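Presented below is the structure to which this report refers.
Nothing in this text is a laboratory measurement; each read-out follows from the coordinates by a stated rule. Since this is a predicted model, take the numbers as computed values, not measurements. Here Cβ is always computed from backbone atoms with ideal geometry, including for glycine, and neighbour counts include all displayed protein chains.
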Amino acid sequence: MNQAQYGKLFSVLLSLSACVWTATAVAHAPSGAIFTTLPDGSEVNFNIYPSKDLVYLDGGPGIGAPVTAAGLDDGIYVFQVTDPSGKTLLSTDAAKCRQFSVAGGVIASVVVTGCEHATGVDVDHGAVTVQLMPYADTPNPGGVYKAWVVRVDDFLAGCLALGVASGLDVVDCGKTHGNSHGFIPRHTKTDNFKVGNVSNLEIDTRFYDDVTGQLLDGIGLTWVDTLGSSNVKYSYYKPQIGVVHFSHIEAVEAGVHNITVADQPGCKVVKFFSKFQEIYGAGTIDVHVKPNDKTWTHYLYVYCNTAP
């Protein structure tokens, strides 16, 4: 090997090392939560939207979160829409068009690339919402879509692992087990939604004061979906969309979902249980969704010691 070849090899190894270092430095799911909304940030019943163009991405501490809850980590992100399995990429434009920036824990703007997505304004806190269109119809027979969000650095590292050196310039970086089009599940936030006249599968968790039995709002849980992606959900009260003092996870896909409740301000976990499982103290319960389930709500219950 001559000097020029050695020089080229060194440059390639240096570049790969930089990518590995970057992935290692940032490779974890962001804090806070993402959620789909209407353009003005308002919710729809059961995450079921009347049309695809009305689905917008929002993010921050999470709906119903206490004022002390963390928002999204500041930085640049990219999103995608897939079927719930993550196998089929439904977003149809290049990844560079699907970028947005987070500042102060909420979405602040889209990244201007000449093909950026339409935006709205969240009426609750003035944050930007981002339209998910364009994306194709889901092949999922239940009509479920999955929205994903990941930091740009993690996305680029995920694409590089698939052999694509410039992931932002393509629509699809490809897929292998544990890497859905450059989105590695454990590094992402996800949320599910449906479009049209469809039924719904959901997981609802209620939190109670262990002494008084009073229902508690602003208590959080971590949902890990069937692929290993996570999101944060809080209990709250919004009866006009059917949310009555519980955290809700809508449009869940078939498979095993993990629901974790940790000790937190306002709730030291005494007991956490479902119809099929019971634990004492903080921990995780598995929720099994069957492929033939059509309309279904799985209830979880948490009893909290609320003493400071």
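Note on the chain: along the principal axes its Cα atoms extend 78, 40, 39 Å, ordered by decreasing extent.
Tell me, what is the percent relative contact order of segment 65-211, built from C-alpha pairs under 8 Å that lie six or more residues apart?
Working: 270 pairs, mean separation 34.1, N = 147.
That works out to 23 percent.
Three principal axis extents of segment 33-195 based on alpha-carbon atoms, in descending order, are 42, 35, 30 Å. Counted by Cβ distance under 12 Å from Gly75, the other residues give a net charge of -3, where Lys and Arg count +1 and Asp and Glu count -1.
Give me the percent relative contact order of the chain, please, defined on Cα pairs under 8 angstrom at least 6 residues apart. Could you put the intermediate results ahead of the total?
Values: 781 pairs, mean separation 53.3, N = 308.
The normalised contact order for the chain reaches 17 percent.
Summing Cβ point charges (Lys, Arg +1; Asp, Glu -1) relative to the Cα centre of segment 33-195 gives a dipole of roughly 480 debye.
Here the relative contact order of segment 201-305, from alpha carbon pairs under 8 Å that lie six or more residues apart, stands at 34 percent.
Tell me the Kirkwood radius of segment 71-122: reciprocal of the mean inverse pair distance over distinct alpha-carbon atoms, in Å.
On the way: mean 1/r = 0.0830 Å⁻¹.
One decimal place: 12.1 Å for the Kirkwood radius.
Taking chymotrypsin sites (Phe, Trp or Tyr not before Pro) across segment 215-308, the ones in a DSSP loop with at most 12 further Cβ atoms lying within 10 angstrom of their Cβ are Phe276.
The local environment of Tyr280, defined by Cβ-Cβ distances under 15 Å, has a net charge of -1 under the rule Lys, Arg +1 and Asp, Glu -1. Report the net charge of residues surrounding Leu216, where surrounding means a beta-carbon distance below 11 angstrom and charges are Lys +1, Arg +1, Asp -1, Glu -1. Net local charge, Leu216 excluded: -2.
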